[in-house]
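So the structure is just underneath, and the comments pick up after that.
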């Protein structure tokens, strides 16, 4: 699954730590999601999308292998 | 929507480490002060029981307490570490059983098994589980943090 978390974060001009604090996870988790090493749960994906004020499927998309 | 965590608070991990360090210190002090043959067998047995129970309690606290920030990625790392531990424990028990069976056949010329094996495995199991699971989990966590830096 690919995502645009890094892009959305850059648009909002916030750090990984700020996003992590707002969502209630560690910075390591945000970094792992951004680099595609960790696929978040539905709840976490919804939380992230809500924070950016975007629909979930515009932040997270299935890639060819899914 | 929140999944209830069955892990103990992070403070319990600190208590566990304190107990573990205390146990090591007591063990070293005992060796320095008394050596091996200066106190009775009864006392030595009681001390060994207390040490064994303290070790299990401390490992229980260390392994089953939350990290400072316990989130779903850490939970997934825990699950993976537990999975690997299960594989290793099953393989280890299988190999040990086969090895001891072969050993008893070789020594006694019969198919007798060690009568204390099951008790020994029961005593060792919690320590073995902790010693495999916790370092594996910490290693995965460290690797994940290291990948972050790259």
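Residue A:21 to residue B:25: FRET efficiency via 1/(1 + (r/R0)^6), r the Cβ-Cβ distance, R0 45 Å, to the nearest 0.05? E(calc), rounded to 0.05, equals 0.70. Short to long, the 10 Å bins of the Cα pair-distance histogram for chain A hold 22, 64, 14, 1 percent of all pairs. Spatially, region A:24-63 and region B:20-92 are offset by 37 Å when compared through their Cα centroids.
The calculated Kirkwood hydrodynamic radius for the protein assembly as shown is 21.3 Å, given to one decimal from all distinct C-alpha pairs. Ordering of A:26-32, B:55-61 by packing is A:26-32, B:55-61, highest average first (other Cβ atoms within 10 Å, averaged per residue).
Mean sequence separation of contacting Cα pairs (under 8 Å, at least six apart), scaled by the length of chain A, corresponds to a relative contact order of 44 percent. Each of B:42, B:70, A:64 has some number of other Cβ atoms within 10 Å of its Cβ, and from fewest to most they run A:64, B:42, B:70. The angle between the Cα long axis of helix A:42-52 and the longest principal axis of the Cα atoms of chain A comes to about 60 degrees, rounded to the nearest 10.
Within a 10 angstrom radius of each residue's Cβ in A:16-23, how many Cβ atoms of other chains show up on average? Whole number is fine.
Mean shielding count: 1.
Peptide A:27-34 has a mean shielding of 5, counted as Cβ atoms of other protein chains within 10 Å of each residue's Cβ.
When B:131, B:63 are arranged by Cβ crowding within 10 Å, least crowded first, meaning fewest neighbours, the order is B:131, B:63. Per-residue ellipticity at 222 nm from helix content only, as computed over chain A with -39500 (n - 2.57) for each DSSP H run of at least four residues, stands at -15500 deg cm²/dmol.
Quick note: the coordinates plus some simple rules give every number you see, no bench work behind them. Because the structure is predicted, anything quoted here is derived from the model rather than measured. Heads up, the Cβs are rebuilt from the backbone with ideal geometry, glycines too, and the neighbour counts pull from every protein chain shown.
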